[in-house]
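Reading through the structure tokens given below for one structure.
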Amino acid sequence: MDNKERPGSEEILREARIKIIKIASVGIAGAIILSCYAYTQLDDTVTQMILYGISSLTSTVALLFIFGAVSLGRAEKNRKNFFLYDRKTKADMPLSALTFSEVRHRLLDFMSIFKRRGKLYVGDLFDENPHIPEHFKPLFCYEILYELAIEDGAMDARSFLGFGGECADIFTKYLRQTEDYELATAIRTYIFDYSEENDNTKGFKEYIKSKKEHIEAKMLGYAKKNIEKFK
């Protein structure tokens with residue numbers, strides 16, 4: 001997978017609006033030039049009418065583009081933040097009010113979309129799935145690890161370690177995006193050390209349980225730090 005982080009939807013909307021405004025500006029400038037030129041064609045009524053018609057059409061299209069840019073601006077302004085929007089007040093709560101419990105509750109609702117027969121499969125979440133925004137994936141990693149820490153998930157420690165190198169690469173990539181290098185290295189080491197002959201499941205379970213509070217803090221911290229991406 002591409003290591004370069006994809007732009008958030010907010011950045012995409014802003015860039016689209018800027019491009020539309022630029023195109024509309026060129027159109028309006030062209031319409032003005034055509035009108036000025038048409039005004040000089042006093043001896044050729046047909047040409048003058050054609051130029052005025054083209055100028056009018058160009059202006060209309062340019063105005064439609066501007067209307068589209070304004071609509072995009074309003075859409076951007078009115079977009080609801082995934083973690084902050086309060087359905088009761090119909091407004092975003094203050095960032096300072098966001099808690100780990102709220103982050104996890106909303107994240108689980110989103111992750112449930114990708115469950116099959118009530119279970120969440122690691123491969124489904126990260127295999128270039130276009131329906132999962134890139135900035136959600138570090139949180140998905142932490143949630144899977146958190147479920148292992150509290151032993152409250154469809155996956156047990158042995159199953160997780162048994163996923164092998166691909167799983168190690170996925171978790172290393174997304175945990176490092178949050179600058180959680182120590183946990184990324186530990187997860188990678190436990191996965192590659194695991195085998196039927198070397199069952200390190202007990203050690204991994206003890207380790208991941210000891211990281212429960214760390215995972216909580218990282219999930220909340222990541223959501224807050226990147227809150228503008230979750231619109």
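Which one is least open to solvent (accessible area, probe 1.4 Å), of the residues in segment 184-231 that are free of Cβ contacts under 8 Å to residues at least 24 places away in the same chain and of a type in the set (Asp, Glu)?
It comes out as Asp193.
Between a first residue in segment 151-171 that is within 15 Å of Ser195 (Cα to Cα) and open to solvent by 10 Å² or more (accessible area, probe 1.4 Å) and a second residue that is part of a loop (DSSP other than H, G, I, E, B) and of a type in the set (Phe, Trp, Tyr), which pairs have beta carbons less than 8 Å apart while being 6 or more apart in sequence or on different chains?
The qualifying pairs are Gly162/Tyr194.
Between a first residue in segment 94-107 that is without any contact (Cβ under 8 Å) to a residue 24 or more places away in the chain and in a helix (DSSP H, G or I) and a second residue that is open to solvent by less than 40 Å² (accessible area, probe 1.4 Å) and not basic (Lys, Arg), which pairs have beta carbons less than 8 Å apart while being 6 or more apart in sequence or on different chains?
Short answer, once both residue conditions are applied: Glu102/Phe83.
Tell me yes or no: at least one residue of segment 78-98 is at pLDDT below 75 and open to solvent by 40 Å² or more (accessible area, probe 1.4 Å).
We begin by selecting, within segment 78-98, every residue at pLDDT below 75; these are 78-79.
Filter once more, keeping what is open to solvent by 40 Å² or more (accessible area, probe 1.4 Å): 78-79.
The answer is yes; a qualifying residue exists.
Quickly run through segment 177-231 and pick out the residues that are of a type in the set (Lys, Arg) and touching a His at 6+ places or on another chain (Cβ under 9 Å).
Result: Lys229, single match.
Tally time: how many residues in segment 99-114 are of a type in the set (A, V, I, L, M, F, W, C) and modelled with pLDDT of 85 or more? Show your work before the answer.
Restricting attention to segment 99-114, the residues satisfying the condition of being of a type in the set (A, V, I, L, M, F, W, C) are 100, 103, 107-108, 110-111, 113-114.
Right, trim to modelled with pLDDT of 85 or more and you get 100, 103, 107-108, 110.
The number of residues fulfilling the criteria is 5.
The values are calculated or read from the model by the stated rules, or taken from the named source; none is laboratory data. Worth saying up front: this structure is predicted, and the values here are computed from it rather than measured. Every residue, glycine as well, gets a Cβ built from its backbone with ideal geometry; the counts of neighbours run over all protein chains shown. Note: areas computed on protein heavy atoms with side chains; ligands, DNA, RNA excluded. Shrake-Rupley method; radii C 1.70, N 1.55, O 1.52, S 1.80 Å.
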